[in-house]
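Taking it in order: structure first as structure tokens, then the write-up.
The values are calculated or read from the model by the stated rules, or taken from the named source; none is laboratory data. What you see is a predicted model, and the numbers here were worked out from it, not measured in a lab. Cβ sites come from the backbone with ideal geometry, for glycine too, and all protein chains shown count toward neighbours.
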Amino acid sequence: MIPRYLINPAFSTKIYPYSDCIMIGSGIAGLSTAIRLSKHDIKVITKSSPSTSTTWYAQGGIAAAVKKPDWWKKHFEDTIVAGQGLSDKKAVEILVKNAPSMIEKLIEIGTKFDIVEGEISLTTEGGHSHARILHAGGDATGEEIEKKLVSFTKGLKHVDFNPNYFVLDILTSNNKCLGVIGLDLKKGNIEIHPSSNILIATGGIGQLYELSTNPSISTGDGIAMAHRAGADIMDIEFVQFHPTVFRTNDDKLFLISEALRGEGAYLRDCRGNRFMVGKHPQEELAPRDIVVKEMVKTMDKSKCNFVYLDATHIAKSHLKIRFPNIISKLKENGFDLKKDLIKVSPAEHYLSGGIRTDYDGRTNIEGLYSCGETSATGAHGANRLASNSLMEGLVYGWKIYQDIEKKLRSPLKDTPGETLSGINKIIEEGKNTIKDNSIPASARIDIRTLISSLR
């Protein structure tokens, strides 16, 4: 039986003052929402440094229909097709209709997207019918956005950053949020942070897999704590694999952006043949799930554990402008993107499901919200359209902001006293049930090996 709390709340050594809202996670979903709510007392809790998030690693870009003849209905159609018909149409419409205005907000806080001949540069990625991917620093879009979000947020006096802090559980009573219990990773203290509004924006589950593009912090703990609290989990089986991942000389994984194929790169089997031709009208730019399936078939047939990514026919000057980080990483490992075929293979990349939310980011627990990869808005269906992830964090973070702002302005809002009273009751109950609920350290390794063996 799964314990309600990983650590008995009775073991807490401190209860902090009440916050109007707590953000768990410091990626695009958590920080953009914190910025919008920054007139109130906001707490951002992250288990590493503020910049360490999956947002930082998003190379390719962010999708929005910002230039004619493209428009939101085309973006909508592409998202529905990529999602294998399982996307929630209203959730998709909310996402794509609001995307252009979200780009404006990013520019307002200083985000510098790449410019060509006086206009924002747009590229194409898998599954997109138009060039609608905005990018920054060539192939460092996520890094640029995360830097600007962190810098802007740190300048807000009502936003309190708590780095190197691991949230363990959501405290609830009668299906209502009361706060979080967490571990100060530097001091080793178990502490409680009261709030009746909590946003889980902790990213994905990549570390459940042996091969993943996700950073080490992507352990799925946000989804797990929501599940223990009684939140509904949806579409957890829809896990996306990125087609082009490069293994470095020190046996680490480095994602090579889909934007490279958007600029014309080919996929070839180990004999040098393009295998996506004739398999899909968009060839190498088919949706990710289709490309990965064909890659696996090709690798199995040829008995190779890789395929080649070929950008040798693309102008060197263009590659240098668009993909400086990829070029640098390959050079470190003895490869030249202009001259060499690059060995790549698929790896776990993104969870399309997660904590089920409504169109305002609310879960079935009062006061508990979820946003970004941790959430399941229904917008992605069975397979996320490339570069929709960053935009989803922005759009649904905005929806969550609107809902929380309305609550905080209401005369019927929860009072700190009521919340603290509920927490004290949980602590007293915990004193009567103290026992060891620990999970063996070996379990994580065993689960990771099991999941990676399934194909």
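Data for the structure
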read-out: Which numbered condition Ile198 fails, given (1) aliphatic (A, V, I, L, M); (2) out of contact with any Leu (no Cβ under 9 Å at 6 or more places or on another chain); (3) within 12 Å of Ile22 (Cβ to Cβ); value: (2)
read-out: The range 167-187: number of residues that are surrounded by fewer than 16 Cβ atoms within 10 Å (Cβ to Cβ) and either among the polar types (S, T, N, Q) or in a strand (DSSP E or B) (or both); value: 4
read-out: Output for the range 200-253, where each listed residue is part of a loop (DSSP other than H, G, I, E, B) and polar (S, T, N, Q); value: Thr202, Thr213, Asn214, Ser216, Ser218, Thr219, Thr248, Asn249
read-out: Members of the range 114-167 found to be in contact (Cβ under 8 Å) with a residue 40 or more places away in the chain and of a type in the set (Val, Ile, Thr), listed by number; value: Ile120, Thr123, Thr124, Ile133, Thr141, Ile145, Val150, Thr153, Val159, Val167
read-out: Any chance Glu210 is surrounded by 17 or more Cβ atoms within 10 Å (Cβ to Cβ) and modelled with pLDDT under 95; value: no
read-out: Selected residue (criterion: surrounded by the most Cβ atoms within 10 Å (Cβ to Cβ)) from residues of the range 278-307 that are farther than 22 Å from Val81 by Cα and in contact with a strand residue (DSSP E or B) (Cβ under 7 Å, 6 or more places away or on another chain); value: Val307
read-out: Positions within the range 346-366 being more than 19 Å from Pro215 (Cβ to Cβ) and either among the hydroxyl-bearing types (Ser, Thr, Tyr) or crowded, with 24+ Cβ neighbours inside 10 Å (or both), in sequence order; value: Ile355, Thr357, Tyr359, Gly361, Thr363
read-out: Residue within the range 239-247 that is on the phi > 0 side of the Ramachandran plot and within 16 Å of the chain's Cα centre (by Cα) present; value: no
read-out: Tally, over the range 92-116, of residues that are under 17 Å from Glu263 (Cβ atoms) and assigned to a loop (DSSP other than H, G, I, E, B); value: 2
